[in-house]
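Comments concern the structure below.
The values are calculated or read from the model by the stated rules, or taken from the named source; none is laboratory data. For clarity, every value in this text was computed on a predicted model and none was experimentally measured. Because the Cβ atoms are built from the backbone with ideal geometry, glycine has one as well, and the counts that use them run over all protein chains shown.
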Amino acid sequence: MSYPYVLLSAAVSLDGYLDDTGPERLLLSSPADFDRVDAVRASVDAILIGAGTIRADNPRLLVNSAERRAARVREGRPEYPLKVTVTATGDLDPGAKFWHTGGDKLVYTTDKGAERATHRLGGAVDVVPLGSDLDWRALLSHLHDVRGVRRLMVEGGGTVHTQLLRQGLADELQLVVAPLFVGDPAAPRLFGPGGYQPGRLRLTEARRIEDVVLMRYEPTAPGTGPFPAAADRHWLRTACELAALCPPSPTAFSVGAVVVAADGTELARAHSREGDDPVVHAEEAALAKIDPADPRLPAATVYSSLEPCARRASRPAPCSELILRAGVRRVVTAWQEPDTFVAGADGRGILVKGGAEVVVLPEYEDQAKAPNRHLLG
């Protein structure tokens, strides 16, 4: 499955609340930050909110700047991003501002909710049933593959943010903290209880905007099993970037690799032919930098821009076997090894036979191939 880049956007009080319990919405952002949010909206293909946010806030969810809308049109994009909502029940108010402003609208719901949503909205809005339950992976895949959404901005509410983070589907969190307290336990909080990803998120930016602070984070913890997490995409992009650092060779691929612990700690990174070794492979070099007794290895993930090799002439053991010997049981890669040097190479088969999970993210294949164009004809 391929998903859009998922950006969560929210503003909270110092004590973590999205709003108070008063009749009017509590404005947490500053004027300059509202303008920043408008710019982010203008940059994305779609904006998503939960049906509860429509009921509670009745937002229009527009790009307010005429200049930004005109720029979208000049770029060949719709004037407004696609507006998306999610509802399990289909209980939607047809009079809400969400439906009567901006461009196209889309509803994701359950099979049971689809009939109600279609009846409530009069058939004027696209309604997509996802089955007996709301399936976020199916939703994101549909947005990407059917609606062409590459960047998705999620503006709430807290339940939606919580679900996406807990399932490892958020690529970025943009969090604005306002200098005030709410202190009301009945007020809505940004994040609910539950099992989130282990480890720490990576802070990529912290910026003062008038009297609020914007913090941008990205997840670091790898996924588990066959389903990719947002952090898997980040680490595989890093591996592809490392491949571009390889000294070119007419007889070997340029490959990058990163080894990451379950809590998102980077254990090692490497690229082919690094240092003084003209034949070292990326996975081999990365694993050599880690103590073989490191207890984090069995739960770690190896990210490699190219499928780990199954056979090689320059070393006794191919990288697929080295990964298994290290105890690693999860590999994420972008590209299956072609027959350029080894016919019928199947490193993935060796890994799977050895008990490892192999996840392929083909959306990064072109990036992985880029430093190897001279070998591919």
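Just the residues that are of a type outside the set (A, V, I, L, M, F, W, C) and either under 11 Å from Ala46 (Cβ atoms) or under 23 Å from the mean Cα position of the chain (by Cα) (or both), please, taken from the range 67-84.
Listed by number, the residues that qualify are Arg77, Pro78, Tyr80, Pro81, Lys83.
With the requirement that a residue be at pLDDT 95 or above and hydroxyl-bearing (Ser, Thr, Tyr), what does the range 177-216 give you?
Thr204
I want to confirm something. Restricting to the range 281-304 and keeping residues that are out of contact with any strand residue (DSSP E or B) (no Cβ under 7 Å at 6 or more places or on another chain) and surrounded by 20 or more Cβ atoms within 10 Å (Cβ to Cβ), which single residue is farthest from Glu365 (Cα to Cα)?
That would be Leu297.
For (1) under 28 Å from Pro193 (Cβ atoms); (2) assigned by TED's automatic domain parsing to the domain that holds Ala138; (3) modelled with pLDDT of 95 or more; (4) surrounded by 17 or more Cβ atoms within 10 Å (Cβ to Cβ), each residue gets a yes or a no:
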site	(1), (2), (3), (4)
Val12	yes, yes, yes, yes
Thr21	yes, yes, no, no
Ala32	no, yes, yes, no
Ala42	no, yes, yes, yes
Ile47	yes, yes, yes, yes
Gly50	yes, yes, yes, yes
Glu67	no, yes, yes, no
Val73	no, yes, yes, no
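Which numbered condition in (1) surrounded by fewer than 17 Cβ atoms within 10 Å (Cβ to Cβ); (2) modelled with pLDDT of 95 or more; (3) under 22 Å from the mean Cα position of the chain (by Cα) is the only one that Thr238 fails?
Tallying (1) surrounded by fewer than 17 Cβ atoms within 10 Å (Cβ to Cβ); (2) modelled with pLDDT of 95 or more; (3) under 22 Å from the mean Cα position of the chain (by Cα), Thr238 fails exactly one: (1).
Report whether or not Asp111 is under 25 Å from Asp171 (Cβ atoms) and surrounded by fewer than 17 Cβ atoms within 10 Å (Cβ to Cβ).
Judged against the criteria, Asp111 is not a match.
From the set of residues in the range 3-26 that are in contact with a strand residue (DSSP E or B) (Cβ under 9 Å, 6 or more places away or on another chain) and polar (S, T, N, Q), which is farthest from Gly183 (Cα to Cα)?
So, considering only residues that are in contact with a strand residue (DSSP E or B) (Cβ under 9 Å, 6 or more places away or on another chain) and polar (S, T, N, Q), the one farthest from Gly183 (Cα to Cα) is Ser9.
Test Tyr217 against the criterion of being part of a loop (DSSP other than H, G, I, E, B) and aromatic (Phe, Trp, Tyr), and give yes or no.
No; evaluated as a whole, the condition is false for this residue.
In the range 320-359, which residues are on the phi > 0 side of the Ramachandran plot and in contact with a helix residue (DSSP H, G or I) (Cβ under 7 Å, 6 or more places away or on another chain)?
Gly327
Among the listed residues Tyr217, Tyr196, identify the single one that is among the aromatic types (Phe, Trp, Tyr), free of Cβ contacts under 8 Å to residues at least 40 places away in the same chain and under 30 Å from Leu14 (Cβ atoms).
Tyr196
Between a residue in the range 156-172 that is closer than 20 Å to Gly52 by Cα and any residue that is crowded, with 21+ Cβ neighbours inside 10 Å and among the polar types (S, T, N, Q), which pairs come within a Cβ distance under 6 Å, given they are 6 or more apart or on different chains?
Every condition considered, the pairs that remain are Gly156/Thr53; Gly157/Thr53.
Does Arg237 count as assigned to a helix (DSSP H, G or I), within 30 Å of Thr340 (Cα to Cα) and basic (Lys, Arg)?
Spelling it out, Arg237 is indeed assigned to a helix (DSSP H, G or I), within 30 Å of Thr340 (Cα to Cα) and basic (Lys, Arg).
Please name all residue pairs, on different chains or six or more residues apart, with Cβ atoms under 9 Å, provided the first residue is in the range 363-377 and is assigned by TED's automatic domain parsing to the domain that holds Thr340 and the second residue is β-branched (Val, Ile, Thr) and crowded, with 17+ Cβ neighbours inside 10 Å.
Tyr364/Thr333; Ala368/Val255; Ala368/Thr333; Pro371/Val255; Asn372/Val255
Among the numbered conditions (1) touching a His at 6+ places or on another chain (Cβ under 6 Å); (2) at pLDDT below 95, tell me where Cys319 comes up short.
Only one criterion in (1) touching a His at 6+ places or on another chain (Cβ under 6 Å); (2) at pLDDT below 95 is unmet by Cys319, namely (2).
For Glu172, indicate whether it is surrounded by 17 or more Cβ atoms within 10 Å (Cβ to Cβ) and acidic (Asp, Glu).
So Glu172 passes the test.
I'm checking my understanding of the structure. Among residues of the range 143-155 that are touching a residue at least 60 places away in the same chain (Cβ under 8 Å) and part of a loop (DSSP other than H, G, I, E, B), which one is nearest to Leu48 (Cα to Cα)?
If we take residues in the range 143-155 being touching a residue at least 60 places away in the same chain (Cβ under 8 Å) and part of a loop (DSSP other than H, G, I, E, B), then Glu155 is nearest to Leu48 (Cα to Cα).
Could you please find all residues in the range 37-52 being of a type outside the set (D, E, K, R), in a helix (DSSP H, G or I) and more than 17 Å from the chain's Cα centre (by Cα)?
Passing the criteria: Val37, Ala39, Ala42, Ala51, Gly52.
Mind telling me which of the residues Ser254, Ser314, Ser249 ends up being over 27 Å from Pro198 (Cβ atoms), out of contact with any Phe, Trp or Tyr (no Cβ under 9 Å at 6 or more places or on another chain) and surrounded by 21 or more Cβ atoms within 10 Å (Cβ to Cβ)?
Checking each option against the conditions leaves just Ser254.
I'm checking my understanding of the structure. Among residues of the range 118-133 that are at pLDDT 95 or above and hydrophobic (A, V, I, L, M, F, W, C), which one is nearest to Leu164 (Cα to Cα)?
Checking each candidate, the answer is Leu130.
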